[in-house]
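See structure below.
The values are calculated or read from the model by the stated rules, or taken from the named source; none is laboratory data. These numbers come from a predicted model, not from an experiment. Because the Cβ atoms are built from the backbone with ideal geometry, glycine has one as well, and the counts that use them run over all protein chains shown. Remember, those area values only see protein heavy atoms, side chains included, never the ligands or the DNA or RNA. Shrake-Rupley method; radii C 1.70, N 1.55, O 1.52, S 1.80 Å.
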Amino acid sequence: MKVLGISCSPRPGQTTDRLVQEVLNNIEAPTEFVSLSGRRIGPCLGCLGCVADNVCKVRDDMGELRPLIVEADALVIGAPNYFGMLNGLAHCFLERLYQFRHQEGGALHGKLGVAVGVGSAMPDSAVRDIEKFFSFSRIEPVGNVTAIGPASCFNCGHGEECREGAIHRVFGPGTKITADLTPNLSKQPDSLTAARMLGEKLTQRLKQG
């Protein structure tokens, strides 16, 4: 048994990475974690080059991930919510799973899937989008977990004075960015507990075969 965790956040080491890893850390099976940060993965081009052999012909970093996806018995996929929807890097990655859907291709059929969603608001929107891709690929959803992450405005350097940013819009003019105000996964015990329980649940499903 092997579980592959993929964080589709372009920001390494942040909430999405950490929450995916929290699920993986509680799985009683070999796991591997992959961050898509810095990787070049474009959208599906609709070229149909994959029809004959279920192998995508677009030359980018997705090619390195293909064997890891095929070998895994379960996938833990995490993504942040951008503008109320799945972020672009995650969408490109998930679109490219189309390569497995031809000629009775069953490389993904029956794999187990866990969706991880993060956002400064509506983190569940990313979960819903990931689970749609699970459905198209016949990946069986085992569960999902969400957490609140800091909007970029907390770290851009101009959050306190920017009138267009989340600090002004959500918390009001004059708000100061402090450690207490900034969302942090360590301060979200419910999300951490849910991630640990989900890792245990995935373990049991894998053992059942």
**Complete:** Counting only residues in segment 72-104 that are over 24 Å from Val145 (Cα atoms) and surrounded by fewer than 17 Cβ atoms within 10 Å (Cβ to Cβ), the one nearest to the chain's Cα centre (by Cα) is identified as His102
**Item:** Residue in segment 153-173 that is nearest to Lys111 (Cα to Cα), counting only those that are open to solvent by 60 Å² or more (accessible area, probe 1.4 Å), without any contact (Cβ under 8 Å) to a residue 12 or more places away in the chain and not hydrophobic (A, V, I, L, M, F, W, C)
**Value:** Asn155
**Prompt:** Would you pick out the residues in segment 2-40 that are within 23 Å of Ala151 (Cβ to Cβ), open to solvent by 50 Å² or more (accessible area, probe 1.4 Å), part of a loop (DSSP other than H, G, I, E, B) and in contact with a helix residue (DSSP H, G or I) (Cβ under 6 Å, 6 or more places away or on another chain)?
**Reply:** Pro10
**Inter-residue pairs, beta-carbon under 6 Å, first within 16 Å of Thr146 (Cβ to Cβ) and in segment 174-194, second among the small types (Gly, Ala, Ser) and open to solvent by less than 50 Å² (accessible area, probe 1.4 Å), 6+ apart** = Pro183/Gly149; Leu185/Ala147; Gln188/Ala147; Ser191/Ala147
**Asked** Which members of segment 119-152 meet the condition of being open to solvent by less than 60 Å² (accessible area, probe 1.4 Å) and farther than 19 Å from Ser7 by Cβ?
**Response** Ala121
**Request:** Check Val55 against each of (1) of a type in the set (Val, Ile, Thr); (2) open to solvent by less than 40 Å² (accessible area, probe 1.4 Å); (3) touching a helix residue (DSSP H, G or I) at 6+ places or on another chain (Cβ under 7 Å) and name the one condition it does not meet.
**Result:** (2)
**Request:** Taking only segment 28-45 into account, find how many residues are out of contact with any Ser or Thr (no Cβ under 7 Å at 6 or more places or on another chain) and closer than 18 Å to Met1 by Cβ.
**Result:** 5
**Item:** Test: residue in segment 107-120 that is free of Cβ contacts under 8 Å to residues at least 12 places away in the same chain and either over 23 Å from Asp61 (Cα atoms) or in contact with a Gly (Cβ under 6 Å, 6 or more places away or on another chain) (or both)
**Value:** no
**Complete:** Going through segment 180-209 in order, the residues found to be assigned to a helix (DSSP H, G or I) and either open to solvent by 90 Å² or more (accessible area, probe 1.4 Å) or in contact with a Lys or Arg (Cβ under 7 Å, 6 or more places away or on another chain) (or both) are Leu185, Lys187, Asp190, Arg196, Met197, Glu200, Lys201, Gln204, Lys207, Gln208
**Request:** Starting from segment 24-39, keep only residues that are without any contact (Cβ under 8 Å) to a residue 60 or more places away in the chain, then list their pairs with residues that are open to solvent by less than 60 Å² (accessible area, probe 1.4 Å) and basic (Lys, Arg) whose Cβ atoms are within a distance under 6 Å, requiring at least 6 positions of separation or different chains.
**Result:** Pro30/Lys2
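Applying the selection to segment 145-179, what residues are assigned to a loop (DSSP other than H, G, I, E, B), among the aliphatic types (A, V, I, L, M) and under 16 Å from Gly84 (Cα atoms)?
Residue satisfying the conditions is Ala151 alone.
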**Prompt:** Could you list, in sequence order, the residues of segment 114-161 that are at pLDDT 95 or above, among the aliphatic types (A, V, I, L, M) and more than 11 Å from the chain's Cα centre (by Cα)?
**Reply:** Ile139, Val142, Ala147, Ile148
